[in-house]
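Written below as structure tokens is the structure these notes are about.
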Amino acid sequence: MKRLQWLIPFLLVSTFPACAQDQTPVATSTPVTTASATTTPEQPSAGAQNSSGANELAGTSWKLVKLQTGDETMLVPDDGSKYTITFGSNGRVTARVDCNNGSSTWKSSGANELKFGSWSRTSAKCPPGSLHDKIVTEGANPRSYSIKDGHLFLSGMAAGGFYELEPLTSQKRQP
């Protein structure tokens, strides 16, 4: 027993420095939703822009039309306004995924490239028939986008597939 007494302090001392290193959290939710832009005023972030200036996603809001999963299953929401995403001009993004909300940062450093920071989100249990679980588990963290015929397509998820979204309302650039 005395031999093991040194083990606990050793583990504590060796664990704390590891905790103090890179604290970059990973995305835990899919960015396929949001109802409103962030209300906290923030300084504009260069992350919401690409090298040619303002990004075309900045200040826009979208609602889900359909989700195609990696196994090519097509999922259509009963109400697309339950699944929204808003790209703030300040580098913040907010999302609604049925009964849950989330927020993060976003940036587009290159053509059609999309990166999200770690997501903060609520974790309520959504009702049966919700696409929440599919979106959070299979459709999380798209890495590219394109806009075709006025619709936003998000893709590049590890599990494959894509999202198709349409403008939430007539697009007026939001802060």
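The values are calculated or read from the model by the stated rules, or taken from the named source; none is laboratory data. Since the structure is predicted, the reported quantities are computational estimates derived from the model, not experimental observations. Neighbour counts are summed over all protein chains in view; Cβ atoms, including those assigned to glycine, are modelled from backbone coordinates with ideal geometry.
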Scanning region 133-166 residue by residue, those within 14 Å of the chain's Cα centre (by Cα) and small (Gly, Ala, Ser) turn out to be Gly139, Ala140, Ser144, Ser155, Gly156, Ala158
Is one or more of the residues making up region 140-160 assigned to a loop (DSSP other than H, G, I, E, B), modelled with pLDDT under 95 and of a type in the set (Lys, Arg)? yes
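Quick one: is Val136 among the aliphatic types (A, V, I, L, M) and exposed (fewer than 14 other Cβ atoms within 10 Å of the Cβ)? Working first, answer last.
Numbers: among the aliphatic types (A, V, I, L, M): yes; exposed (fewer than 14 other Cβ atoms within 10 Å of the Cβ): no.
For Val136, the condition - among the aliphatic types (A, V, I, L, M) and exposed (fewer than 14 other Cβ atoms within 10 Å of the Cβ) - is not met.
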Do we have Ala124 as within 20 Å of Met157 (Cβ to Cβ), surrounded by fewer than 15 Cβ atoms within 10 Å (Cβ to Cβ) and of a type in the set (Gly, Ala, Ser) here? no
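Whether any residue in region 96-112 is over 25 Å from Gly160 (Cβ atoms), surrounded by 13 or more Cβ atoms within 10 Å (Cβ to Cβ), modelled with pLDDT of 90 or more and over 15 Å from the mean Cα position of the chain (by Cα) is what I want to check. Outline the logic, then answer.
Applying the first criterion (over 25 Å from Gly160 (Cβ atoms)) to region 96-112 yields 99, 101, 103.
Going one step further and asking which of them are surrounded by 13 or more Cβ atoms within 10 Å (Cβ to Cβ), we end up with 99, 101, 103.
Now drop any that are not modelled with pLDDT of 90 or more, which leaves 99, 101, 103.
Still in the list and also over 15 Å from the mean Cα position of the chain (by Cα): 99.
Within region 96-112, one or more residues are over 25 Å from Gly160 (Cβ atoms), surrounded by 13 or more Cβ atoms within 10 Å (Cβ to Cβ), modelled with pLDDT of 90 or more and over 15 Å from the mean Cα position of the chain (by Cα).
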Take the conditions on the phi < 0 side of the Ramachandran plot, outside any loop (DSSP other than H, G, I, E, B), loosely packed, with under 14 Cβ neighbours inside 10 Å and in contact (Cβ under 8 Å) with a residue 40 or more places away in the chain and apply them to Ser81. Does it pass? yes
Need the failing condition index for Ser130 against (1) among the polar types (S, T, N, Q); (2) within 17 Å of the chain's Cα centre (by Cα); (3) under 19 Å from Asp78 (Cα atoms), just the number. (2)
Of Ser103, Ser109, Ser118, which residue is part of a strand (DSSP E or B), more than 15 Å from Val65 (Cβ to Cβ), touching a residue at least 40 places away in the same chain (Cβ under 8 Å) and polar (S, T, N, Q)? Ser103
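Check whether at least one residue in region 52-63 is farther than 26 Å from Val136 by Cα, assigned to a strand (DSSP E or B) and modelled with pLDDT under 95, and report yes or no.
yes
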For residues that are farther than 19 Å from Ala140 by Cβ and among the hydroxyl-bearing types (Ser, Thr, Tyr), tally how many sit in region 73-103. 2
